Number of protein chains: 2
Amino acid sequence: MNITSDDARVRLLEAALDLFTEKGYAAASVSEIVRRAGVTKPMLYYYFKNKEGIYSELMAQALTDFKILLKKYENVEKDVYIQINNMFRDIMNLHAARLKYARLIYAMVYGPPQGAPFIDFEEYHAIMAEMLNKMIRKGVENGELEDVVTEDFTTVLLSVLFFCMDTQIIKCSCMMDSEDVSRITGKLFDKIIIKRGEG
Amino acid sequence: MNITSDDARVRLLEAALDLFTEKGYAAASVSEIVRRAGVTKPMLYYYFKNKEGIYSELMAQALTDFKILLKKYENVEKDVYIQINNMFRDIMNLHAARLKYARLIYAMVYGPPQGAPFIDFEEYHAIMAEMLNKMIRKGVENGELEDVVTEDFTTVLLSVLFFCMDTQIIKCSCMMDSEDVSRITGKLFDKIIIKRGEG
DNA sequence: CAAAAAACCTACTTATCGGTAAGTAAACCC
DNA sequence: GGGTTTACTTACCGATAAGTAGGTTTTTTG
């Protein structure tokens, strides 16, 4: 069967994403989701197990692209500053492009589950921290960076990245983009870079 | 009438704080709040206007201490590094002591309102950013700090502070406290301090 | 063309929601 | 002692929640 963007299933997912983002899992009702999708309620139960099922489907979609992006920077051997810069740029751009999904994830990370199924976001946080630690250690080993306390520098870098991501989530007076991230982390690296990578 | 911690009103507030923190505004029902408080439902409507009213009362309590703390550091004229260090320590300690309230606020800042009344948390964010900008400019004027782009340095400092606060909110593998904040921001200042304050 | 599958519907279920009406009991005050 | 106020109760309201039974219509397939 030919799946198009007009399909009921796709419209249901879009409506659910909108309403979960606007209102949260508990406050977004099944009735409202199907109304916005333009179908009747049993249709939701035809395509998904239940309310929790459509939510999990959305979460799976939200995390897929992020996993792919992380895999791209898994094994960095040199030009650590440039690679970290590129990775942060890619993360910020993906984040900006998928803001609705990002809002959904933020709500689950920082807020209570409100009856939504559990997803371990800390796993991704730990993966990112470990990747940065590896990259920075490699940079020190390569002589690209001066010897720093890797964990603390990783903390500062992640802090800046997350802060800038946050400014796109909350209605912030100073919204920041990937150029802001590059500029600020560039200044941080300037204090410890010994030799820049080729580029 | 003698108000004690066993009073129905206090027990209702405590139960509401627990349930709003655990489940979120929408998913925490009035029935559950009064059940946990050990009273009947009309009691909640006797002490508060409605569900929204008890929530707003909790928010007011949560923000009061934070406002007092910010006022304490409103007008800093010298020893900028030490003052910022002290302010961050106080914020981290208040945060750690009021984690339940902090969780409630985080859920509202990063998640959808879920029908809860609107509170402008961005105001506090902007106030903190402006305070730090002022302090850092004052430090540069005093010759305590080398000339930096104030906004960027403020961004990095706030990033580290919020990151460490975040690690206490989410179930994080590396929970950070005020000493971590002091150590990391100390390293950041070491790169730009010209003359330390007395003490 | 008929059967099967897919996609959809109406009508309905049970349970719980936020909230209130009307009342009772205890404490207080004149 | 009686009236008032405070603190509390039971019983109930209308509305909406998530979800399903049983059916119809449309599309696909042999």
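The values are calculated or read from the model by the stated rules, or taken from the named source; none is laboratory data. Small disclaimer: the values here were computed from a predicted structure and weren't measured. Backbone-built Cβ (ideal geometry, glycine too); neighbour counts: all protein chains shown.
Could you check, for segment A:77-96, whether at least one of its residues is at positive phi and either modelled with pLDDT of 90 or more or more than 12 Å from the chain's Cα centre (by Cα) (or both)? Break it down into steps so the answer makes sense when it comes.
Restricting attention to segment A:77-96, the residues satisfying the condition of being at positive phi are A:79.
Still in the list and also either modelled with pLDDT of 90 or more or more than 12 Å from the chain's Cα centre (by Cα) (or both): A:79.
Yes.
From the residues in segment B:18-31 that are surrounded by fewer than 21 Cβ atoms within 10 Å (Cβ to Cβ) and aliphatic (A, V, I, L, M), which one is nearest to DNA strand C (Cβ to nearest atom)?
B:Val30
What residue, of B:Lys71, B:Lys49, is surrounded by fewer than 19 Cβ atoms within 10 Å (Cβ to Cβ) and within 22 Å of the chain's Cα centre (by Cα)?
Values: B:Lys49 fails: within 22 Å of the chain's Cα centre (by Cα).
Going through B:Lys71, B:Lys49 in turn, the sole match is B:Lys71.
Sort out which residues of segment B:32-52 are assigned to a helix (DSSP H, G or I) and more than 10 Å from DNA strand C (Cβ to nearest atom), and write them in order of number. Spell out the reasoning first.
In the first step, residues of segment B:32-52 are kept if they are assigned to a helix (DSSP H, G or I); the result is B:32-37, B:41-47, B:51-52.
Hits for segment B:32-52 are B:Arg36, B:Ala37, B:Tyr47.
How about segment A:53-78: which of its residues are among the acidic types (Asp, Glu) and within 16 Å of DNA strand C (Cβ to nearest atom)?
A:Glu57 - this is the single residue of segment A:53-78 that is among the acidic types (Asp, Glu) and within 16 Å of DNA strand C (Cβ to nearest atom).
So is A:Tyr55 within 9 Å of DNA strand D (Cβ to nearest atom) and either part of a helix (DSSP H, G or I) or surrounded by 19 or more Cβ atoms within 10 Å (Cβ to Cβ) (or both) or not? Outline the logic, then answer.
Working: within 9 Å of DNA strand D (Cβ to nearest atom): no; either part of a helix (DSSP H, G or I) or surrounded by 19 or more Cβ atoms within 10 Å (Cβ to Cβ) (or both): yes.
The answer is no for A:Tyr55.
Go through B:Ile184, B:Ile127, B:Ile194 for me and flag whichever is away from chain A (no Cβ under 13 Å) and among the hydrophobic types (A, V, I, L, M, F, W, C).
Values: B:Ile184 fails: away from chain A (no Cβ under 13 Å); B:Ile127 fails: away from chain A (no Cβ under 13 Å).
One residue alone meets the criteria, B:Ile194.
Filter segment B:110-124 for residues that are assigned to a helix (DSSP H, G or I) and surrounded by fewer than 19 Cβ atoms within 10 Å (Cβ to Cβ); which is farthest from the other protein chains (Cβ to nearest Cβ)? First the steps, then the outcome.
From segment B:110-124, those assigned to a helix (DSSP H, G or I) are B:110, B:122-124; that's our starting set.
Then drop every residue that is not surrounded by fewer than 19 Cβ atoms within 10 Å (Cβ to Cβ), which leaves B:122-124.
Numbers: B:Glu122: 6, B:Glu123: 9, B:Tyr124: 11 Å.
Applying the filter and picking the extreme gives B:Tyr124.
Just checking, which of B:Phe162, B:Phe153 is closer than 28 Å to B:Glu22 by Cβ and either part of a helix (DSSP H, G or I) or within 9 Å of chain A (Cβ to nearest Cβ) (or both)?
One residue alone meets the criteria, B:Phe162.
Report, by residue number, each residue of segment A:166-181 that is in a helix (DSSP H, G or I) and either more than 24 Å from B:Arg183 (Cα to Cα) or in contact with a Gly (Cβ under 8 Å, 6 or more places away or on another chain) (or both). Quick ask: steps written out before the conclusion?
Filtering segment A:166-181 down to residues in a helix (DSSP H, G or I) leaves A:166-169, A:178-181.
Scanning segment A:166-181 gives A:Thr167, A:Gln168, A:Ile169, A:Ser178, A:Glu179, A:Asp180.
Taking into account only those residues within segment A:165-181 that are more than 19 Å from A:Ile105 (Cβ to Cβ) and facing another protein chain (nearest Cβ under 9 Å), which is modelled with the lowest pLDDT?
Applying the filter and picking the extreme gives A:Ser173.
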